[in-house]
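Okay, so here's the structure we're looking at.
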Amino acid sequence: KAICVALSPDESLAAIGHARGRFTVWDLGHPEMHKRDPRNAPFPRCLLKNTFRHEDVTDVKFSLDGRYLAVATREQVIDVYQVHYDFNRVGVCKGHTAAVLHIDFSVDSKYLRSSCAAAEILYWEMPSCKQRGRGRDLKDVSWATYSVTFDWALQGFWHAGMLSGSID
């Protein structure tokens, strides 16, 4: 069962997050091959089946430069893999107090931000996963995607009580 999916920036790879900590990475072939003659395009080929974690994968993202793949799970961690070196794990981002739900890479691929079920947003240096303690230092960073539900740009969007489930 697929829970989430991400395409690499060049659209040649697809990462799919599954239940029970599994994720797979598929080689889709170069997109130009599909455009030229769809009948001769290669079938997707599974490059990686990973079962390192036990809880559901909640989000997967490739960095904009294509170097990293981040995999968020309900185990309150984010695993970071180096794409061009056989998907070796190069970092584990630990610090959330609840299931990590959403992740985003910065446009320059130097940072990752994450939000969790406890309404925390944390920032990480890539690929070391060193936590940046002061998020306000990164308030002017441009993000490649906006799946994190809490952000400097969203201040004032959520009104009192929305996060706790009761709307005033």
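The values are calculated or read from the model by the stated rules, or taken from the named source; none is laboratory data. This is a predicted model, so every value here is computed, not measured. We place every Cβ from the backbone using ideal geometry, glycine too, and count neighbours over all the protein chains shown. The accessibility values were calculated without ligands, DNA or RNA, using every heavy atom of the protein model including side chains. Shrake-Rupley method; radii C 1.70, N 1.55, O 1.52, S 1.80 Å.
Looking across Ser128, Ser164, one residue alone is among the hydroxyl-bearing types (Ser, Thr, Tyr), farther than 23 Å from Ala14 by Cα, modelled with pLDDT of 90 or more and open to solvent by 70 Å² or more (accessible area, probe 1.4 Å). It is Ser128. Would you call Arg89 open to solvent by 70 Å² or more (accessible area, probe 1.4 Å), in contact (Cβ under 8 Å) with a residue 12 or more places away in the chain and under 19 Å from Ala14 (Cα atoms)? It is true that Arg89 is open to solvent by 70 Å² or more (accessible area, probe 1.4 Å), in contact (Cβ under 8 Å) with a residue 12 or more places away in the chain and under 19 Å from Ala14 (Cα atoms). Residue pairs whose Cβ atoms lie under 7 Å apart, separated by 6 or more positions or on different chains, with the first residue in segment 138-153 and part of a helix (DSSP H, G or I) and the second open to solvent by less than 40 Å² (accessible area, probe 1.4 Å) and modelled with pLDDT of 90 or more, are Leu138/Tyr123.
The set of residues in segment 69-80 being open to solvent by 10 Å² or more (accessible area, probe 1.4 Å) and farther than 13 Å from Arg22 by Cα consists of Gln76, Val77. When segment 47-68 is limited to residues that are in a strand (DSSP E or B) and touching a residue at least 60 places away in the same chain (Cβ under 8 Å), the one that is least open to solvent (accessible area, probe 1.4 Å) turns out to be Asp59. Out of all the residues in segment 111-125, is one or more modelled with pLDDT of 95 or more and open to solvent by 60 Å² or more (accessible area, probe 1.4 Å)? No, every residue in segment 111-125 fails to be modelled with pLDDT of 95 or more and open to solvent by 60 Å² or more (accessible area, probe 1.4 Å). Taking segment 82-123 as the range and being under 15 Å from Val141 (Cβ atoms) and of a type in the set (Val, Ile, Thr) as the test, the residues that pass are Ile103, Val107, Ile121.
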